[in-house]
Amino acid sequence: MYQILKNEEKTQILDSPKAYLRFKNEEIELVELCFEENEEIPMHKNPLKVVFYVIEGEGVLKIGDSINNLSAGDIIEIHPDEDRSWKNPHKENLKVLVTKFLE
């Protein structure tokens with residue numbers, strides 16, 4: 001059986017940057033991050049494997065000591081417990097889809 005979730009059905013879970021829970025089941029969680037100019041998520045670890053997909057804009061993803069300039073269409077896989085942070089140093093908004101693998 002399939003499920004369609006419309007854009008207006010998203011649930012805001014963070015204010016700055018804005019983050020919306022788009023989908024969650026036993027296996028994955030999809031979160032949309034929306035960064036305005038100079039918004040950031042500080043360095044942190046996540047115990048889950050995560051894949052980022054840059055939907056629009058450009059931003060900087062720091063993984064450990066590595067600094068990565070990313071733009072729309074880029075896909076990044078992060079393994080569990082790797083330090084990471086995001087920042088949008090640009091005037092244009094940055095949107096990133098986060099897929100968290102829960103199993």
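Under 13 Å from the Cβ of V31, count the other residues' Cβ atoms, weight Lys and Arg +1, Asp and Glu -1, and hand me the total. Charge balance in the 13 Å sphere: +4. Spin-label model, D15/I75: points 7 Å from Cα along the beta carbon direction are separated by 3.6 nm. Farthest towards the positive end of the charge dipole of the stretch 1-53, among the residues L21, L48, V31, is the Cα of L48, using unit charges on the Cβ of Lys, Arg, Asp and Glu.
Considering only the other residues whose Cβ falls under 13 Å of the Cβ of E9, what net charge follows from Lys and Arg at +1 and Asp and Glu at -1?
Neighbourhood net charge equals +2.
By the count of other C-beta atoms within 10 Å, a proxy for reagent exposure, L14, L5, L70 are ordered fewest to most as L5, L14, L70. The trypsin sites (Lys or Arg not before Pro) of the stretch 1-44 meeting both criteria, a DSSP state outside H, G, I, E and B (loop) and at most 14 other C-beta atoms within 10 angstrom of the site's C-beta, are K6. Relative contact order of the chain: 33 percent, from C-alpha pairs under 8 Å at least 6 residues apart in sequence.
The GluC sites (Glu not before Pro) of the stretch 1-65 meeting both criteria, a DSSP state outside H, G, I, E and B (loop) and at most 16 other C-beta atoms within 10 angstrom of the site's C-beta, are E26, E27, E36, E37.
No lab work stands behind these numbers, since they all come straight from the coordinates. Keep in mind the model is a prediction, meaning the values are calculated, not measured. Cβ atoms come from the backbone with ideal geometry, glycine included; neighbour counts cover every protein chain shown.
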